[in-house]
Amino acid sequence: MINHPALLSSVNFKILLPKPFLTYALTWGLLAVWLIPTSALAQKKDKRLKKGTITFTKQVLTKEFIAEGVAVGDVNKDGRIDVLAGAYWFEAPTWKKHEITQPEIFYYDKGYSNAFVSQTIDVNLDGWLDYVRIGFPGKEALWFENPKQKEGHWTAHTIHNTVGNESAGFFDVDGDGKPDLLGGNSTTGQMTWFKPPISPDNLTWQEVAISKEKGPGAEPFSHGLGLGDLNKDGRPDVMVKEGWWEAPVNPLQPGWTFHPANLGEACAQMHAYDFDQDGDQDVVASSAHALGIWWYEQTLNEQGTPQWNRHLISEAFTQTHGLAFTDINADGNPDLVTGKRYFAHMGKDPGEYEPPVLYWFEFKPGKNPTWVPHLIDTDSGVGVHVVTQDINQDNLIDIIVANKKGVFVFTQQRK
Ligand SMILES: [Ca+2]
Ligand SMILES: [Ca+2]
Ligand SMILES: [Ca+2]
Ligand SMILES: [Ca+2]
């Protein structure tokens, strides 16, 4: 056995080869050991990158024009997230249509629906999600009581009769984890937030007027509204295109301090973030009826007064009347989702006959931040709001919209 040529040669190799060659072999051996796991890692990384390519699958819940906005929530407590729009809720996963209230017929080229920004909240604290719906601008906001699987229409309750601002909506103003209604009180012209009930024994919404009478942004057709911490004191403030109200220690205290600011023209939802990473909060907004998605860079002038320099993000399409701010690709940087609000002014806005596109804009922060546009769809667009939520619970953010083209769910896929 000892004369086995292979064994002999291996013994000879170890014993007889000169030292420099051994060093050489050892180096290459170590390099090989190092290279194997590295290439395995590279392969794994490639797979992750491939997995990271984002597409969206479109589901058409209806092609009827029933609402300008949509809400989501598990209506029937089966663990699946349903869609609520206009007079209906659509049951996941088949999207079977159920009536919440008496439907009306709306025409895309003649006017609007009675359902703008909507939300699910357990208003009466019975463990079932109710449907909260802001109507036509300047009109009523209602909540519809979930009948807990019982047949028939849901009982409607009025929250307030005159809610102004076309982006009046649902924001967690007091930071208790539950959305509040924020909009104008069009009767007084005061920017107001409404806190949902905190006890089933008292179902009135607490009304907190944060502005003086006839304040900016409270008219029925005012454009532009958002919640964001503009002064970075940990308390979210309320912004309109004319400026922002500073949240006091107790947000239930009325009459917040107003800071005038030029935040551009008629827009949709507004969001605050430090886009250029220089330590101060900037603002992003999109044109409601014309052309432009912008960010407003906060700077200080010589007197130390904040200035807002406008930068264009995109002019690819008009009527960006809904702007969501969410991290679509889960890279830690909040992206934008918007699209065309088809026929927002019945054919009178610029570009109204162009395709109703839906896009997400991938945000890349830096001294000069950029947004990479990604087209999602060409036959839907947005309404007055865009819902971004993981509706099918696979940890990927999805997009849900309702508008004059119908009601749509776009589920994110990674390939
Ligand atoms: Ca603040
Ligand atoms: Ca900044
Ligand atoms: Ca992102
Ligand atoms: Ca999802």
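Values quoted throughout were computed directly from the atomic coordinates according to the rules given, and no laboratory measurement underlies them. Remember, it's a predicted structure, so these values are computed and weren't measured experimentally. Virtual Cβ from ideal backbone geometry, glycine too; neighbours counted across all protein chains shown.
Assorted remarks:
- Equivalent ellipsoid semi-axes, the stretch 122-272, via Cα gyration tensor eigenvalues times 5, rooted, Å: 27, 17, 13
- Straightening the chain between Glu265 and Tyr353 buys 29.4 nm, computed as 0.36 nm per residue apart minus the Cα-Cα spacing.
- Fully extended contour minus Cα-Cα distance, from Gln393 to Ser199, at 0.36 nm per residue: 66.8 nm
- Against the chain, whose longest principal axis comes from its Cα atoms, helix 5-16 is set at around 90 degrees.
- Per-pair calculated FRET efficiency, R0 = 41 Å: Gln307 and Asp331 via Cβ, rounded to 0.05: 0.85
- Rg over Rh [alpha-carbon atoms, Kirkwood Rh] for the stretch 210-329: 0.96
- Only Lys, Arg (+1) and Asp, Glu (-1) charged, at Cβ; the chain dipole about Cα centre in debye: 2000
- Label-to-label distance, nm, for residues given as Glu246 and Gln277 (7 Å Cα→Cβ offset): 2.9
- Highest-fluctuation residue, Gly127, Gly184, Gly138 considered, GNM on the chain with Cα pairs under 10 Å: Gly127
- Compared with the alpha-carbon gap, the fully stretched path from Arg80 to Lys58 is longer by 6.1 nm at 0.36 nm per residue.
- Derived from the Cα gyration tensor, the three semi-axes of the equivalent ellipsoid of the chain are 51, 28, 22 Å, largest first.
- Directionally averaged shadow of the stretch 90-133, computed from the convex hull of its alpha-carbon atoms, nm²: 4.4
- Restricted to Cα atoms, the stretch 152-214 shows a radius of gyration and a Dmax of 12.5, 42 angstrom.
- Model label zone, Glu315; criterion: amide N under 15 Å from point 7 Å along Cα-to-beta-carbon; scope the stretch 266-306: 287, 290-295
- Exposure proxy for Met191, Met239, Met346: other Cβ atoms within 10 Å of each Cβ, ordered fewest to most, give Met346, Met239, Met191.
- The chain - mean residue ellipticity at 222 nm from DSSP helices (-39,500 (n - 2.57) per run, n ≥ 4, rounded to 500): -4000 deg cm²/dmol
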